[in-house]
Every structure is written in structure tokens, then in C-alpha cells.
Amino acid sequence: MPDASSVLLQRLQAAFDTVAPGADPVLRVSDRADFQANGALALAKQVGRPPRQVAEEVVAAASLDDICSEVEISGPGFINLTLSDAFVAAQLAALSADPRLGVAEVERPETIVIDYSAPNVAKEMHVGHLRSTLIGDALARVLGFLGHDVRRENHIGDWGTPFGMLIEHLIDVGGAMRAETFSVRDLNEFYAAARKQFDSDPGFAERCRRRVVLLQSGDEETLRLWRIFVAESMRHAREVYELLGVLLTDDDIVGESFYNPLLPVVVDELDSRGLLVEDDGALCVFPAGFENRNGEPLPLIVRKSDGGYGYPATDLACVRDRTGRVGATRLVYVVGADQALHLRLVFAVAALAGYLPDASAAVHVAFGNVLGTGGKKMASRSGGSDRLVDLLAEGIERAEAALKERSSDLSPERQAATAHALGVGAVKYADLSTERVRDYVFDWDRMLAFEGDTGPYLQYAHARIRSIFRRAHLPPPPPGSPLLLGEPAERPLALQLLRFAEAVEVTAETSSPSKLCTYLFDLATTFTGFYEACRVLVDDQAVRSSRLGLCDLTARVLEQGLSLLGIEAPEQM
RNA sequence: GCCUCCGUAGCUCAGUGGAUAGAGCGGCUGACUUCUAAUCAGCGGGUCGCAGGUUCAAAUCCUGCCGGGGGCGCCA
């Protein structure tokens, strides 16, 4: 189903072509009418006629009678366009008949690897993992809904120098045999203790380095201990993922260790392309265009002077694996903004190495920090209680308290489920609704408020609509039922509903879930405007059916939209 | 020093080169025997960090400043 604005654009394009072939109509949503076309102003100079005259020529050439009720030239040469009620109603009926609510599948599906969440083994997940997990999950849902082949990859930090330290400490405290009984909560303290030892005891530090070598060379006893850390950490991560309701499963884990066997291969391939330079004993690639603080070429260190590999090597192997074995046409990295330079280096070197045929295929979806109310970064302070499990539990607890205040008639089980949906939804929406790259302040009171631009408000808007049907004992009208737009408040709602596809597409193009949030909040407020102005359960059969149709459609779009954000939409609150 | 991101109402933030820059929260004034008031309507609130430039048109694009965050060779 071609949506309203593309139909309009098509018609206008044809008209503009008669004045100047290829001219952009510059079609925009307008506050003066439904749409406005601003292209005449840009064209005036080019064709050497006054903008208003150009606008008149365009309007004269345009065939809009069947879709517009009003076409007016205004100001210096804006073309204001008002769609006819009949056209809007027909579009809306088609939308309601469409299970995808107007969102078309892409013509050329891509294989897209989304790299997100990426917790570290031997540490509990903390606030620092929240944004990657939520943004990545929302993007996975959106891109999947658009018909792409989405491959979620959870690039867990399960390899490298910390493990030498952890394993040596485990042996020291005599836990090698009973390590299976460790909980991840122990591991948090465990990590801190090992770290302390590492920093203060040179002998211990040396043993750790040797242990890393053993690990990387595949020593069986070392691997056995390592697996215990990994298994326990992932058990914890799974808990967090279940609490959050994200899509990630064990099948999505492709940790750093996975790429270990590939690292020497990468070194060989870089070498055979003449890219490697030895510098202070380290093997480096110096891609053009990068400088350090002294104005010297900036290296990507592929192999350290001690012969070990760091995460640059792993990341290169990772690109190679994703474009090669996985066959990805697009790589999406949902990684903090502080990694921008590192990723640019990796992408540049990957391109030189031939791992990235299309340099624009790798995208860094960067995000800012979560700040505490003091304005300081809310990431992992050593030993601080910023554990995600605690955070989410608190959100659910607060939501439950808020629910109880409101004398709801939900069963205890229903109430618990709703509290979960609200608490987690609030955290998710607060994170997703602010523009990704900015920092945001984590504030319980604001995100859990039932008024304003919050998750609970949207969930409430949805539940409220569903309750209309439940309490009236009426089913929603069948999809595609006729819709009437008699009242002034019905038009804006209809138009907003018709914009859903665009909102989803823009969200995907910009990798910005906040766009979808803004759309949904606008939809919810537009709906309440309609709901205030128009009584739904009226006697007139046709009007009632139409308004029920608008309600149902709004609820469906809200539910679908929230679902794309990974947020539940309870039927009842 | 270089690179990068950010700077919009008291606070938190929207804002695809287009007309008079918008929401939410807070404040003030109203609307409830509710189709769920967990809501809505109205009022007040602005040198869009500053200065140039490009353009018919700049919060938006370019340059330079100011202020803040982050990054800049063997942690990941």
C-alpha cells in the first residue's frame, strides 16, 4: 500500500518536472495544512521567474483533485496541501487491513550483524551495559521487522589479560577444585581482590602473564578454569536478559575467545598486504589520516611487543568473520561514543586488509553515558551498587508501589506482571527516548511518572484504549472497516497513524530509537485529544464503528511501536 | 595541542535548509456522579553559547571563537 505522503510526492514530482525536470518538491509536514511543498522557492532563481508564479505553474500542472481537498499558495510561494477526508479515510482503512500497519518490507534485505550488549566475563552486568543492550535490541527488532536478516552478536569480553589474573587468584585461594560452586556475586569481589594482588605483587603479576600465555595456547587445565568463569558469568547475564526481555540468547554469544584462532591469520594477511610495521617491538598498521597527540602517525597495534594480542586484533578478526563467514552486508556496532576513534581505526585497517569491501557498511551506533542525578557518570565504580539486577529490581518495586497507590483491580499475579512491564518499560523508554549520542540523567521519578513523555504514559494510553473494548464488551471492528472523519479531532489522529511507517523507516536509517519514541508519544497525545473531543460509544452505528476503528488502530500502532522498542504493552493496568 | 560529540524555556529534552522555534516537567488558572482524571484545556516563560559567512530562506550548512564531555601506542 503506497502511503499518503508518497502518493502526494509522486503527484507533485510530476508537476514539478513540467516546470524543471528533476526538481525536488521539498514536501514537508505542515502546521498550516496537512503538508506543504516548498520546492517553488528554490526553483524561482533557477527558472528566472518569481516564486509565487512558479508555485502557480506547479499547481496548474498537478493532478491532485482526487486526493486533496485544498491546494493553496501562500506567503512567498509555499504550496499548502490539505488531503481530502475521503482519501485519508481510504488510506486509513487500508492501513487497518494491513497486519504490518503500513510498514513495507525492504526491497533488498541485507544481512546485518548487530553487535551489542557485550558484558565482561567475571563481572556482573552494570549500568554501563544498559544502553548498548537496549539500543541494540531495539535496532535488532526494527531492522528485523523491516525484513532484514538480522544476526545478533553478543561480543562478550571473555578473553585477554584479566583472565590470567583471575585464574591465578582462583588457584591461590584454593578454589580450583570447588570453583563450580562460585556465584557471580563472588566473582565481583573476586575480581577486585585479584586486581589488588596484581597491582601490589610483582611475582603474582608475572604468574598472571604466564597464565595468559597458557590460556591462549590452549592449556587444558587453564581452559577448564576459564570455562567456569564464563559459564557463571553467562548464567548471570541470562538472568539480566530475561528480566529485561531482550532477544539475546546463548546462541548469540560470539565472544572475543571465538576469534583467538583467527588472530595469527589476520597478522599473516596484513603482512602479505605489506601493511604491518614493527614499532617498539609491536606489529602495527598505520592507516592514513590518523595522528596522535604529537602529530605522528597513529597505529592500530595488531600484536603487542610481548607477542600477545589485544582487542584491536580481535576486532579485525571479527570484521573479517562477519563479512566473510557470516556474509554480512552491514555491520552495526552499538558501542559507547568513547570508542569512536578506535572503531574508525579498525574500520580503516579492515578496509585496507580487504575485510570490508564497502567501507560505509560498518556503522558505529555511538551512545553517551548514563549519569547519576549528580551529573556524574553512573558507570562501574569499584564495588558500587550499580548492578543491573538491582537497578531493575528497584524499578519493578517502584512500579509496583505506584500501581498499589492507584487501587487497581488487578489480580496479584496480574499486578506483578504489570509492575514488571512498567518498571522495565520505564527504564527502557527513558534510555531509548533521548537522542543516543547525548548523555542522560537517570532519574526514577521522571521515568516512572505516568504523565509526560515516559514509558508508563504510553503503556497507559494503550491499556486505556483496550479497556474501552473490554468494558463495552465489543470486539474491534474487522480490519479494513470503513472509517469516517467528521470531527476536527479525528483528522490529526488519522494523519498521525498514517505516519507510522515513516517513523519506523527513519528510526532504521538513523539507528535512532528516539525517533520512534517521539512518534509514539505524539500519537498518544494526539489520541487523547481525539478521545477528549469525541465520544466513542455513541448510538450512531457507523460513527461508533469508525471511532472504535480509530481506537483499535491506535492501540495496534502503539503496541507494535512499543514492541519494536522492546517494551511490553499490557492489556490492562 | 589535535580529533570528536554536545550547548535550544527555570529543569529534562524534540526540532528531516522553510513561514510565528515546539513538547514534557515544575508554576499559575480551569475541567471529574470518568466510554480508566494514571487525563485534558488555557496562561506565563527564548540574545536557539558568541561572531562572521553561504542562501530567496539558517536552531539546522561552513569557518573561527567560548564553555562542557570523551578520545589521542602496547587495558578492554
Checked segment A:1-50 against the a/c 1.5 cut and the a/b vs b/c comparison, axes a ≥ b ≥ c from its Cα gyration tensor; verdict oblate
quick note, segment A:111-370, DSSP beta bridge pairs, % antiparallel (nearest 5) is 30
Amide H neighbours of A:L83 at under 5 Å, excluding residues fewer than 5 places away on the same chain, with H built from the backbone geometry, are A:D34, A:F35, A:S69
Once amide hydrogens are built 1.01 Å from N within the peptide plane, the residues lying 5 or more places from A:I253 or on another chain with amide H under 5 Å from its amide H are A:N154
Taking max minus min of the Cα coordinates of segment A:207-282 on each principal axis, largest first, gives extents in Å of 48, 31, 21
Restricting to Cα pairs under 8 Å and 6 or more apart, the percent relative contact order of segment A:30-189 works out to 18
Within the under-11-Å Cβ sphere about A:A313, not counting A:A313, Lys/Arg +1 and Asp/Glu -1 give a net charge of +1
The answer for the per residue Cα convex hull volume of segment A:85-139, in Å³, is 131
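What ratio of Cα Rg to 2.2 N^0.38 Å holds for segment A:4-83? Mind dumping the intermediate values first?
Working: Rg = 11.1 Å, N = 80, 2.2 N^0.38 = 11.6 Å.
So the Cα radius of gyration is 0.95 times the expected 2.2 N^0.38 Å.
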Note on segment A:388-564: contact order normalised by length, alpha-carbon pairs under 8 Å, 6 or more apart, percent, works out to 22
In degrees, nearest 10, the alpha-carbon axis of helix A:513-533 is tilted away from the dominant principal axis of the alpha carbons of chain A by 30
From DSSP H assignment alone, runs of 4+ in chain A each adding -39500 (n - 2.57), the sum over residues rounded to the nearest 500 puts [θ] at 222 nm at -17000 deg cm²/dmol
Correct response: the longest run of chain A lacking exposed GluC sites (Glu not before Pro), defined by DSSP loop and at most 11 other Cβ within 10 Å, is A:108-450
Taking Rh as the Kirkwood radius computed over alpha-carbon pairs of segment A:411-450 and applying Stokes-Einstein at 37 °C with viscosity 0.692 mPa s, one gets a diffusion coefficient in µm² s⁻¹ of 295
For segment A:388-564, the Kirkwood Rh over every pair of distinct alpha carbons, in Å, works out to 17.3
As a percent rounded to 5, the proportion of antiparallel DSSP bridges among beta bridges in segment A:22-174 is 65
Any residue on another chain or 5+ positions along whose placed amide H is under 5 Å from the amide H of A:H126 is listed here as A:L388
Averaged over all viewing directions, the convex hull of the alpha carbons in segment A:111-370 casts a projected area in nm² of 14.8
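Can you classify segment A:1-137 as rounded, prolate or oblate using the Cα gyration tensor, where a ≥ b ≥ c are the square roots of its eigenvalues, rounded means a/c under 1.5, and otherwise it's prolate if a/b beats b/c and oblate if not?
prolate
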For segment A:495-504, in residue order, the Karplus 3J(HN,Hα) values (coefficients 6.51, -1.76, 1.60; θ = phi - 60°; whole Hz; Gly and Pro = x) are 5, 5, 4, 5, 8, 4, 4, 4, 4, 5
Nearest 10, in degrees from 0 to 90: the angle of helix A:311-323 to the longest Cα principal axis of chain A is 50
The rounded separation in angstrom of the Cα centers of segment A:328-397 and segment A:13-56 is 42
re segment A:78-223: pairs of Cα atoms spaced beyond 26 Å account for a percent value of 53
Longest principal axis of chain A (C-alpha) makes with the long axis of helix A:412-433 (C-alpha) an angle, in degrees to the nearest 10, of 90
The rounded separation in angstrom of the Cα centers of segment A:90-127 and segment A:466-517 is 18
Note on chain A: contact order normalised by length, alpha-carbon pairs under 8 Å, 6 or more apart, percent, works out to 15
Plugging the Cβ-Cβ distance of A:A417 and A:V363 into 1/(1 + (r/R0)^6) at R0 = 35 Å yields, to the nearest 0.05, a FRET efficiency of 0.45
Note, A:W444: beta-carbon cut-off 12 Å, +1 each Lys/Arg, -1 each Asp/Glu, net -2
Chain A: antiparallel bridges as % of DSSP beta bridges, rounded to 5, reads 50
Quick calc of log₁₀ I(q)/I(0), chain A, Debye, one scatterer on every Cα, no solvent, q values 0.08, 0.09 1/Å, result -0.69, -0.83
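Quick note: the coordinates plus some simple rules give every number you see, no bench work behind them. Remember, predicted model here, so these are calculated numbers, not experimental data. Heads up, the Cβs are rebuilt from the backbone with ideal geometry, glycines too, and the neighbour counts pull from every protein chain shown.
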